[in-house]
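Below is one structure, written out as structure tokens; the observations come after it.
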Number of protein chains: 4
Amino acid sequence: MTSDLRIGIIGVGAMGADHAERVARRTSGARLVAVSDPDAARATALATALDGVQVIGDPLQLIAEVDAVIIASPGFAHAEQLMACLEHGKPVLCEKPLTMDAESALRVVEAEHKTGRSLIQVGFMRRFDPEYAALKQLLDSGDLGRTLLLHNVHRNKTVAETFRSEMIVRDSLVHEVDVARWLFDDEIARITVHAPKPTSLVGEGVLDPQLAIFEMAGGAIADVEVFVNFQVGYEVRCEAVAEKGSATIGLGVDVLTRQAGHWGGAVPDDFRVRFGPAYDIEVQRWVNAAASGGIDGPTAWDGYAAAAVCTAGVQSLTEGRPVEVELARRSEVLG
Amino acid sequence: MTSDLRIGIIGVGAMGADHAERVARRTSGARLVAVSDPDAARATALATALDGVQVIGDPLQLIAEVDAVIIASPGFAHAEQLMACLEHGKPVLCEKPLTMDAESALRVVEAEHKTGRSLIQVGFMRRFDPEYAALKQLLDSGDLGRTLLLHNVHRNKTVAETFRSEMIVRDSLVHEVDVARWLFDDEIARITVHAPKPTSLVGEGVLDPQLAIFEMAGGAIADVEVFVNFQVGYEVRCEAVAEKGSATIGLGVDVLTRQAGHWGGAVPDDFRVRFGPAYDIEVQRWVNAAASGGIDGPTAWDGYAAAAVCTAGVQSLTEGRPVEVELARRSEVLG
Amino acid sequence: MTSDLRIGIIGVGAMGADHAERVARRTSGARLVAVSDPDAARATALATALDGVQVIGDPLQLIAEVDAVIIASPGFAHAEQLMACLEHGKPVLCEKPLTMDAESALRVVEAEHKTGRSLIQVGFMRRFDPEYAALKQLLDSGDLGRTLLLHNVHRNKTVAETFRSEMIVRDSLVHEVDVARWLFDDEIARITVHAPKPTSLVGEGVLDPQLAIFEMAGGAIADVEVFVNFQVGYEVRCEAVAEKGSATIGLGVDVLTRQAGHWGGAVPDDFRVRFGPAYDIEVQRWVNAAASGGIDGPTAWDGYAAAAVCTAGVQSLTEGRPVEVELARRSEVLG
Amino acid sequence: MTSDLRIGIIGVGAMGADHAERVARRTSGARLVAVSDPDAARATALATALDGVQVIGDPLQLIAEVDAVIIASPGFAHAEQLMACLEHGKPVLCEKPLTMDAESALRVVEAEHKTGRSLIQVGFMRRFDPEYAALKQLLDSGDLGRTLLLHNVHRNKTVAETFRSEMIVRDSLVHEVDVARWLFDDEIARITVHAPKPTSLVGEGVLDPQLAIFEMAGGAIADVEVFVNFQVGYEVRCEAVAEKGSATIGLGVDVLTRQAGHWGGAVPDDFRVRFGPAYDIEVQRWVNAAASGGIDGPTAWDGYAAAAVCTAGVQSLTEGRPVEVELARRSEVLG
């Protein structure tokens, strides 16, 4: 009988606390043994609520003591923590972004490559959503022919006033960047981020919504609306158009009501309803893989490439023109 | 070049006035020339609004003077007016009910049969609704095998307080009676009208909703919810279940909105949105047929059979048990 | 730190093997330690595939040795195995039927009552399906007023030729019996099972589809189509009609495709796609409850009541008339 | 009593013959009296089929003899025929394109302006489609706030091999140009037509699909997929995204079937199913307006502006970059 994988979590804000409860209560073959957070009181409260969890002040010490690590700390802390995971040979699930910029992300990719192992998985959870997974399977089956276009929509109900135009690219559009790279199995060569006249329901100077055009290296195209103050609720939709048909996910049909002059259903307030099961599947599959010392999902390269695209995207938004994505040659980096 | 058919309308309440405007403004090959109504002021106002229409006080005189007749008077007046149309050999579109009871309806059927012509069409407009027509065509194609079951729903937003339990059968369920007879191409042999504990949003003693079970002569079954104080809006839905599949109409999907936490669409307040086009098609096709002296739709027999089923339905509702439908033998009546 | 609950499974046919994998791989806080099956080779193969599982020939010995039991043996074996669980004070999740008839089911209810504990949970997994759970929550919220009617549909693609008319009631309709009792929070007082002329795509003498009418003690009504040779696939749908609106679940919308002249989606072949997550939730919640010595779901009484309704349903099908359900008085049995 | 409007149709190919039948059989207040076509046999056959219609060889003579004209001739003939209608003061419904290029279209606009009357209506029938009309009404109501984005899709099953890349812009995209101008009530300032790697199911060198971006003068943006060899069928969809919600039309839900492992509905082969009612409404409303000597729909200016946008679109497609639309100043042309 194999024993459970001993997991440590760095950063127990909203996302980290969510993962803590997931590991402790809904994941088979894993045991949450340690958490670390600069806010010691927050870490202690969580550890107390979840039986048998130790608080470790120094995240690098936590890395040393557990079997596998989930990084849910702020992005600026990722690089150092990832490097420590690589040094200790610990499998790690790192929430996006991999690091704060493409250059540092590339250094992480290279450092992992030198270990000769796959240790880093990036938290692009959409790949584990049953609908995205079914869409990917359908497109890869070839039944619809080659995929030509994606029409995607990413909408939040509202975001904090501190959420600036660039963050719409780096924190929201980044998921769509990964989706396009993954569904097309191709890199994004050029990006245009259009800014229509903004909604009036947003702070001065924030460009919301945005319309991004991804031109893939192989000639396919994706258009993506990102609208983070949509008012209605959280909505993520993807339509793939192929040579012999199309497929759409994210319609959000479950309970259909007829009430007060309307038929239809509820649009959820946030991503938890839409992607809760995706996170569960992501973590369970990562635990299963980590038990064998590996990963089962998006790689450090995926994190690096997404960062490179977002950098170009911010530039396009600023300069109002298409921008080529600067990406290291994969074969040179990964041999 | 053929000249337009000269139409007269008897009864210009809501339904008759609607038909008047339809004939005058949206029907090809027809001309509204006369209207008759006990409320002379109402008839005059309408005639004035629609250019070139004469008011004739006596409906029987109107019948004598026009090419074809639409009867939209109260049900108790139908028998005499229909007999007059038969005497004058005038094609007539008669709103339901054909007459007030099965016996008088049968006499109209017999009287028409003696003329040797098909002159009477009953206003079961659903048969002309594009969705119902497509459903009928699909079922008749045999692609789904033999039809086994219908699951139907008929809902009004609200009805007047004067609308009693029996009227739910005679005025609302009657449309479903015709639909079942038409889709199955069979007579209803037995009817059960269940009355669940009524909604509290209805007057004392009114049994609303009702659940009717039609057992067809050939062994198929239909269940029908009629709920005339549904509060939400007007909804008519029909699901046919056949040996190799099913088909549903009446979903009411057109403009799909996402707004205020909800996705979906509007449920219309009344039947005009749902069946407006059906009435237009019904009248246009009837005009085309009447120009040749005939009809193109539900017959007097259909009106008689519906009345016989409703009579049994009211008895079932009252006595709380299944009731056999008493119907004259068609071959004996129509030779 | 609490240790995992040690689970034993009796019967490792399709359902039991499914549960074995669920407990071993996807359930937190539980460990599959033993299986028992008359087919020793089948049990051994399963135990070998899942690391650290013991084969125990005698199911009663298995009950004695584990912390909690899942019964997935044939129905005729349930009574003895349930009694043994009660004697040993072991929490048990028993697949339906509770036992083979209402009388023996009532004896199990009484025996459990004497233990003074809630140990038996019946495997009506639909209550754990997220859509059913959301529907239940909506109806209980009172937002739609009192629930008046249910319109339900239960369809299988095909069933084995050995599946007889009575089994449609006892093995398929039984789920709908539990759904109606649960959603209305009321007992079924009277049942009518109509048999329309059967589909030709079924063996001689099998009455398929069937249309059941449940009249609840409190006056609400449910109509249920059960059609086990629908040819298309597996479909379970439920529409609740209340005083101020309606709600429908089971629409099965996920990936929407446009392909070969059609738009729409796939109808799954069997219940695994539709209710797989429900089984996962059911078992996880039962494990959580069983760790404290209790249950969290349908009770032995629910199993008994369902059996009593099905007995009346078979009688109605046979005799072609409504049949009153004979049910012990709950207050007398459970004090 | 007013007499019927005497209509003449120039060009009786597929579109013209369709209009001929529409005027003759389904339009109130109009009478088809003359047709003209270079293919005299075709004109004669049609005239014979429709009672009371005269064949006139010279289209300019037809214009002189009727009350109002429908032009369904090839685009290159439009300019001369439109000028003749203006000279005779005859109301005219002209199928798109108005003329073959922006310059000649502008001359028609100027010529009409000099008459001091509105005589020319362009056949952008989508404005009369009930779904588009409801969408327009919703957006104009202000309930959703200001409209920010459109996401549109225009798909044909297949087109003739002779259909070249530029025709996708001029014959298909042109409808979307009018839709965007109409819904936003604004001119298109800049257009980009992207050409992803084409489908392999198209002739060498044809750029299909295309993705157009319209940047409106007021800052809103529309993205439009045009895919004329989609294989599946005809599909036109429009999603408007506004500050407080979104609205989608063109879902094409009517009869919903469950059959052979699938649920869903049919995608029609061509535009006739989707826009048949729109053409009926367009022609009826134009007849009503023409009876008073005017029009009721898109103007010559709309035809001119659409041509100017398409010219820029073809240039963008050829040069692979955004192109500014050159448009005369409306106030200078129309005073």
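In a shell of Cβ-Cβ distance under 12 Å around C:Asn152, excluding C:Asn152 itself, what net charge do Lys and Arg (+1) and Asp and Glu (-1) give?
Charge balance near C:Asn152 sits at -4.
Using only Cα atoms, find the angle between the long axis of helix B:271-290 and the longest principal axis of chain B, and express it within 0 to 90 degrees, rounded to the nearest 10.
50 degrees
How big is the accessible area of A:Ser118 in square angstrom, nearest 10, if you roll a 1.4 angstrom probe over the protein chains?
70 Å²
What range in chain B is the longest one free of GluC sites (Glu not before Pro) that are in a loop by DSSP and have at most 11 other Cβ atoms within 10 angstrom?
Answer - B:1-160.
Could you calculate the FRET efficiency of B:Glu87 with B:Glu204 from 1/(1 + (r/R0)^6), where r is the beta carbon distance between them and R0 is 45 Å, rounded to 0.05?
The computed FRET efficiency comes out at 0.45.
Between D:Leu334 and D:Arg117, what is 0.36 nm times their sequence separation minus the Cα-Cα distance? Round to one decimal in nm. Please report the intermediate quantities before stating the final value.
Details: separation 217, 0.36 × 217 = 78.12 nm, distance 1.15 nm.
This chain segment gains 77.0 nm when fully extended.
Restricting attention to the alpha-carbon atoms of region B:2-106, what are Rg (one decimal) and Dmax (integer), both in Å?
12.9, 40
Which residue is it, in chain C, whose C-beta lies closest to the C-to-A rotation axis, and what is that distance in whole Å?
Residue and rounded Å distance to the axis: C:Val253, 2.
Per the Kirkwood definition applied to all pairs of different Cα atoms, how many angstroms is the hydrodynamic radius of region D:197-288? All intermediate terms of the calculation are to be shown ahead of the outcome.
Numbers: mean 1/r = 0.0601 Å⁻¹.
About 16.6 Å, per the Kirkwood formula over Cα pairs.
Please report the spacing between the Cα centers of region B:152-177 and region D:5-44 in Å, no decimals.
Spelled out, the Cα-based centre of one part sits 45 Å from the other.
Can you give me the solvent accessible area of B:Phe128 with a 1.4 Å probe, rounded to the nearest 10 Å²?
Accessible area of B:Phe128: about 10 Å².
List the trypsin sites (Lys or Arg not before Pro) in region B:267-323 that DSSP assigns to loop (not H, G, I, E or B) and whose Cβ has at most 14 other Cβ atoms within 10 Å. Which are they? Walk me through the numbers before you get to the answer.
Numbers: sites: B:Arg272, B:Arg274, B:Arg285; in loops: none.
Nothing satisfies the criteria.
Based on the alpha-carbon gyration tensor of region A:131-174 and its eigenvalue square roots a ≥ b ≥ c, which shape applies: rounded if a/c is under 1.5, prolate if not and a/b is larger than b/c, or oblate?
prolate
Would you kindly find the accessible area of C:Val323, with a 1.4 Å probe and non-protein molecules such as ligands, DNA and RNA excluded, rounding to the nearest 10 Å²?
The accessible area comes out at roughly 10 Å².
What ³J(HN,Hα) values, in whole Hz, does the Karplus curve 6.51 cos²θ - 1.76 cosθ + 1.60 give for region B:165-173 when θ = phi - 60°, with x put for Gly and Pro?
3, 5, 5, 4, 6, 6, 9, 9, 4
For C:Val53, what residues show an amide H to amide H distance below 5 Å, using hydrogens built from the backbone and excluding near sequence neighbours?
none
If the label for C:Asp58 sits 7 angstrom from Cα along the Cα-to-Cβ line, what are its distances to the same label in every other copy, in nm to one decimal, shortest first?
When each copy's label point is compared with this one, the spacings are 5.8, 10.3, 11.3 nm.
With everything on Cα atoms, drop me the angle between helix C:102-115 and the longest principal axis of chain C, reported from 0 to 90° to the nearest 10.
Once rounded, one gets 50 degrees.
What does the net charge come to around A:Met216 if you take all other residues with beta carbon closer than 14 Å to its beta carbon, with K and R at +1 and D and E at -1?
Net local charge, A:Met216 excluded: -4.
Using θ = phi - 60° and the Karplus form 6.51 cos²θ - 1.76 cosθ + 1.60, what ³J(HN,Hα) does each residue of region B:201-206 get, whole Hz, x for Gly and Pro?
Values, residue by residue: 8, 8, x, 3, x, 8 Hz.
Which whole-Hz ³J(HN,Hα) couplings does region C:55-62 yield from phi under the Karplus relation 6.51 cos²θ - 1.76 cosθ + 1.60, θ = phi - 60°, glycine and proline marked x?
9, 10, x, 8, x, 5, 5, 4
Suppose the Debye formula is applied to equal point scatterers at every Cα of region D:56-191; what is log10 I(q)/I(0) at q = 0.15, 0.17 Å⁻¹?
-0.90, -1.07
Once amide H atoms are built 1.01 Å from N in the peptide plane, which residues 5 or more positions from D:Ala189, or in another chain, come under 5 Å H to H?
Residues meeting the criterion, in which the H sits 1.01 Å from N, are D:Glu215, D:Met216, D:Ala217.
Rounded to the nearest angstrom and ordered from largest down, what semi-axes does the equivalent ellipsoid of the protein assembly as shown get from its C-alpha gyration tensor (root of 5λ)?
Values: eigenvalues 667, 457, 106 Å².
Taking √(5λ) for each eigenvalue gives 58, 48, 23 Å, largest first.
So which of D:Lys136/D:Lys244; B:Lys244/C:Lys197; B:Lys90/B:Lys114; B:Lys244/D:Lys157; B:Lys136/C:Lys197 end up more than 22 Å apart, counting from Cα to Cα?
From the list (D:Lys136/D:Lys244; B:Lys244/C:Lys197; B:Lys90/B:Lys114; B:Lys244/D:Lys157; B:Lys136/C:Lys197), the Cα-Cα distance tops 22 Å for B:Lys244/D:Lys157.
So what's the net charge close to C:Leu207: Lys and Arg +1, Asp and Glu -1, counting the other residues with Cβ under 10 Å from its Cβ?
0
Between 0 and 90 degrees, rounded to the nearest ten: what's the tilt of helix A:40-49 against the longest Cα principal axis of chain A?
Relative to chain A, helix A:40-49 is tipped by roughly 80 degrees.
Where the centroid of each part is defined by its Cα atoms, how far is region B:96-142 from region B:231-305 in Å?
16 Å
What is the set of long-range amide H partners of A:Ala30 at a cut-off below 5 Å, with H atoms built 1.01 Å from backbone N?
Hits under the 5 Å cutoff: A:Leu5.
List, shortest first and in nm to one decimal, how far the label point of D:Thr115 (7 Å from Cα along Cα→Cβ) is from its counterparts in the other copies.
Label-point separations across copies, in nm and ascending: 4.9, 7.9, 9.2.
Defining the label point at 7 Å along Cα→Cβ, can you sort the distances from C:Gly293 to the same site in each other copy, shortest first, in nm?
Computed spacing set for this position: 4.6, 9.3, 9.7 nm.
Which of the lysines could a cross-linker bridge to B:Lys96, judged by Cα under 20 Å and excluding same-chain residues fewer than eight apart?
none
Give me the one-decimal nm value for the distance between modelled label points at B:Ala260 and D:Asp140, 7 Å along each residue's Cα-to-Cβ direction.
Once both label points are built, they end up 2.3 nm from each other.
Write down the percent of antiparallel bridges among all DSSP beta bridges whose residues are both part of the protein assembly as shown, to the nearest 5.
60 percent
Going by a ≥ b ≥ c, the root eigenvalues of the Cα gyration tensor, does region A:240-335 fall in the rounded group (a/c under 1.5), the prolate group (a/b larger than b/c) or the oblate group?
Oblate, because a/c is 1.5 or more while a/b does not exceed b/c.
The values are calculated or read from the model by the stated rules, or taken from the named source; none is laboratory data. Quick caveat, the model's predicted, so the values are computed rather than measured. Neighbour counts are summed over all protein chains in view; Cβ atoms, including those assigned to glycine, are modelled from backbone coordinates with ideal geometry. Only protein heavy atoms, including side chains, enter the accessible area calculation; ligands, DNA and RNA are left aside. Shrake-Rupley method; radii C 1.70, N 1.55, O 1.52, S 1.80 Å.
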